[in-house]
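A.B. asks: Quick one: the structure is below, questions incoming.
Bear in mind these aren't lab numbers, they're just calculated from the coordinates by the rules spelled out. All values reported here derive from a predicted model rather than from experimental measurement. Note: ideal-geometry Cβ built from the backbone for every residue, glycine included; neighbour counts use all protein chains shown.
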Ligand code: F6P
């Protein structure tokens, strides 16, 4: 029996379960593959925490948030490292592994693949910041959740004639802020790719207030105002050594209130954006990616990642996939900025 492993690693996001289901069903129907799931990402591989994944275990899971396998930010290159992963493969008789993860996970997959370990990557992040795919699954769901939350902030802001600030996730890219901000009709959208001064933000806020509106500001967690050397990250580093971002919303609350005299309230949407059910778009994308990952494994296209190009699912090398961070292009920012203030 041909056997593949599956793991989900790094931050979870809506749609992960749909990838698992797509892979297991597609692999079973088209190739007779059997699947094993590693619990909590690379930790499961290193510590032999494995569960069988028969067809029955993935029934009806594409609409569920989170991941049935659990996740962690365990770095497989530390501790038992590559030898530990190799041992995990041998013990379970695996032909290869489908690794569902973001930038950190795929970087580890690239390293393992370079050492001769059979891995296919599936890009997963609400941040939408991976260069070699047009969209990552989870992004659409995060934008939908953020938009609904910002719509709610608008109505309470209007009742109290307040300025409302919504801080959204996205790590070093402003995609969630840009899309949720546009969808909710924000008066200012602040993204890390385009620093602006506090004076400029205040002038958008005052102009909205002068037209009788309750100003609405959407800020990406990595935004830093002009002249500020780095994003706000007072909470140290994660296990991959990346700064834990957050705090700009609260900083803006104070600054905007003092500078404009308009009562201001900030809300940090945080992990709400990562939880809950995936949208229909994400379910379809995730299912297609899961099925394509198994096809890639069956064809021996190891060391690649499945990716969305236009409406097609294609394979790209993990090198290319991690080549550059996909950030908001200046033209997309300028297009949105026409409506600020
Ligand atoms: O990469 C996804 C993401 O949700 C980022 O948007 C955010 O900065 C980070 O993960 C939060 O990570 P954690 O769940 O470890 O706090």
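A.B. asks: Does anyone have the angle between helix 248-260 and the longest principal axis of the chain? Alpha-carbon axes, 0 to 90°, nearest 10?
C.D. replies: The helix 248-260 is inclined about 10 degrees to the chain.
A.B. asks: On to the next question. Over the range 140-274, what relative contact order in percent results from Cα pairs under 8 Å that are six or more residues apart?
C.D. replies: The value is 31 percent.
A.B. asks: Relative contact order for the chain: what percent, with Cα pairs under 8 Å and sequence separation of 6 or more?
C.D. replies: 23
A.B. asks: Something else about it: As I understand it, the value is the acute angle between the Cα axis of helix 280-298 and the longest principal axis of the Cα atoms of the chain; what does it come to in degrees, rounded to 10?
C.D. replies: That helix lies at roughly 30 degrees to the long axis.
A.B. asks: Going by Cα centres, the range 118-149 and the range 299-325 are how many Å apart?
C.D. replies: Computed from Cα coordinates, the inter-centre distance equals 14 Å.
A.B. asks: Also, quick follow-up: Relative to the first principal axis of the alpha-carbon coordinates of the chain, what is the inclination of helix 139-160, with its axis defined by its Cα atoms, in degrees from 0 to 90 and to the nearest 10?
C.D. replies: Tilt of helix 139-160: around 20 degrees.
A.B. asks: Among 273, 200, 144, which one shows the biggest mean-square fluctuation in a GNM of the chain, springs joining Cα atoms closer than 10 Å?
C.D. replies: Residue with maximal mean-square fluctuation among 273, 200, 144: 200.
A.B. asks: What fraction of the DSSP beta bridges in the chain is antiparallel, stated in percent and rounded to the nearest 5?
C.D. replies: 25
A.B. asks: Using Cα springs under 10 Å in a Gaussian network model of the chain, which residue among 108, 299, 224 shows the largest mean-square fluctuation?
C.D. replies: 299
A.B. asks: Using a 10 Å cut-off around each Cβ, can you sort 12, 210 from fewest to most neighbouring Cβ atoms?
C.D. replies: Ranking 12, 210 by Cβ neighbours within 10 Å, fewest first, gives 210, 12.
A.B. asks: Taking the Cβ of each residue in 307, 207 as the centre, tally the other Cβ atoms inside 10 Å and list the residues starting with the fewest. Don't jump to the answer; show the numbers that get you there.
C.D. replies: Details: 307 24, 207 15.
Listed from fewest to most nearby Cβ atoms, that is 207, 307.
A.B. asks: For the chain, with a Gaussian network of springs between Cα atoms less than 10 Å apart, report the residue from 175, 204, 302 with the top mean-square fluctuation.
C.D. replies: Looking only at 175, 204, 302, the biggest GNM fluctuation is shown by 204.
A.B. asks: Given R₀ = 35 Å, FRET efficiency for residue 152-residue 309 by Cβ-Cβ distance, to 0.05?
C.D. replies: So, using R0 = 35 Å, E works out to roughly 0.50.
A.B. asks: In what order do 305, 169, 291, 182 fall by count of nearby beta-carbon atoms within 10 Å, going from fewest to most?
C.D. replies: Least to most surrounded, the residues fall as 182, 291, 169, 305.
A.B. asks: Could you work out [θ]222 nm for the chain from helices alone, using -39500 (n - 2.57) per DSSP H run of at least four and dividing by all its residues? Round to the nearest 500 deg cm²/dmol.
C.D. replies: Here the helix-only value at 222 nm equals -12000 deg cm²/dmol.
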